[in-house]
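Here is the structure we will look at, set down as structure tokens.
Computed from the coordinates by the stated procedures, all read-outs in this text should not be read as laboratory data. Quantities reported herein were computed from a predicted structural model and do not represent experimental measurements. Using ideal geometry, Cβ is built from the backbone for each residue, glycine included, and neighbour counts are taken over all protein chains shown.
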Amino acid sequence: MSVLELDALDGIFNISVGRAAASLSELTREVVSMRVPLVHILSLQKAIDLLDTEHKLRITSVSQKFTGSFSGKALLMFTGSSSLEVVRLMLGLQMPLEQLTEMEQDAMSGSAISSSTPVSRPSPACSMKASTMSCRSFKSAPPSNCSTWTTITPRYSLCKSNLPSNNAILRAMWPL
Amino acid sequence: MSKVALIVDDSRVSRMMLSSLILTEDPSWQIFEATDGAEAERMAEQHQPSLISLDINMPVMDGFEAAALLRQLLPTATVLLISANVQTSSRNRAEALNVHFLAKPISAVVARQALALWGSEHV
């Protein structure tokens, strides 16, 4: 990929992240600091190493597929504790952890809807629409109540929870 | 007032796009480019632009710092912050610095808005 092509990609991601940051800032009433973006083109394993050097982090990810003139999947990732902090800020309340985690699924999915405003260019053919969205947890071993367990690498798997209540899903992510 | 513009952005694609869009609107503009706030200050002294567009997130010196410096250096120039950082806090900081704020992505609309703002301040 040429320097100019990387620069263009960098610009697109910067705009997307900028809009996400603006939404997050509005929801949490906090200023989100943004640095100069840097595009990495990585294998999945390298991406995991970059996110979690010691392979110990529990990451909450809200994923959202988009389709249009190009398609893909956007992932908004937080560490478990940071995602709870987002919920706390959104609600502006002091709440017990257990009560808070029950609301996390709703809060995180909702913030993903508003934060992942797709980049749209003037041509209507280039507009994108968000489709399915799911909450996933990256862990080293499957929780017992995980309905679908997909192994990405020997150390990382995706847990798809199709459980009836939000509470059950959250317990799968962060056993209390 | 001379039609001299200075485009300050660390992204070459953004500089190329804005430059080309301004020239499409009005080919009589003379356009200079800088990649960060510090370089912008040097170029502003040298070329005395009447229109300056600044990105916010840049290495060396960010757009806010550069806007404050350039406002003092060229008090009559139209200064615009054009950024992907569209948070209310950024817009408020732009207002406090007495400079305009436009949201990326850079498009023909943004270029026209930039020239209209320049036109309203340089009748």
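Data overview
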{"read-out": "Reference-scaled alpha-carbon Rg (2.2 N^0.38 Å with N residues) for segment A:1-96", "value": "1.26"}
{"read-out": "Rg and Dmax [Cα atoms of segment A:1-56; Å; Rg one decimal, Dmax integer]", "value": "14.2, 39"}
{"read-out": "Inter-label distance, nm, simple model (7 Å from Cα along the C-beta direction), residue B:98/residue B:30", "value": "2.7"}
{"read-out": "Dipole-positive endmost among A:33, A:68, A:53 within segment A:1-79 (Cβ charges, Cα centre)", "value": "A:68"}
{"read-out": "nm² value of the averaged projected area, convex hull over the Cα atoms of segment B:1-121", "value": "6.3"}
{"read-out": "Stokes-Einstein translational diffusion, segment B:5-59 - Kirkwood Rh over all Cα pairs, 1.567 mPa s, 4 °C, in µm²/s", "value": "116"}
{"read-out": "q = 0.16, 0.28 Å⁻¹: log10 I(q)/I(0) that the Debye formula gives for segment B:43-109, counting C-alpha atoms only", "value": "-0.49, -1.33"}
{"read-out": "Likely footprinting exposure, B:29, B:118, fewest C-beta neighbours within 10 Å first", "value": "B:29, B:118"}
{"read-out": "Other-chain or far-sequence residues with amide H under 5 Å of residue A:58's (modelled H)", "value": "A:80"}
{"read-out": "Karplus-derived HN-Hα couplings along segment A:11-20 (A = 6.51, B = -1.76, C = 1.60, θ = phi - 60°), whole Hz, x at Gly and Pro", "value": "x, 4, 5, 4, 5, 4, 5, x, 5, 4"}
{"read-out": "Point-to-point label distance, residue A:54-residue B:112, nm (Cα→Cβ direction, 7 Å offset)", "value": "5.6"}
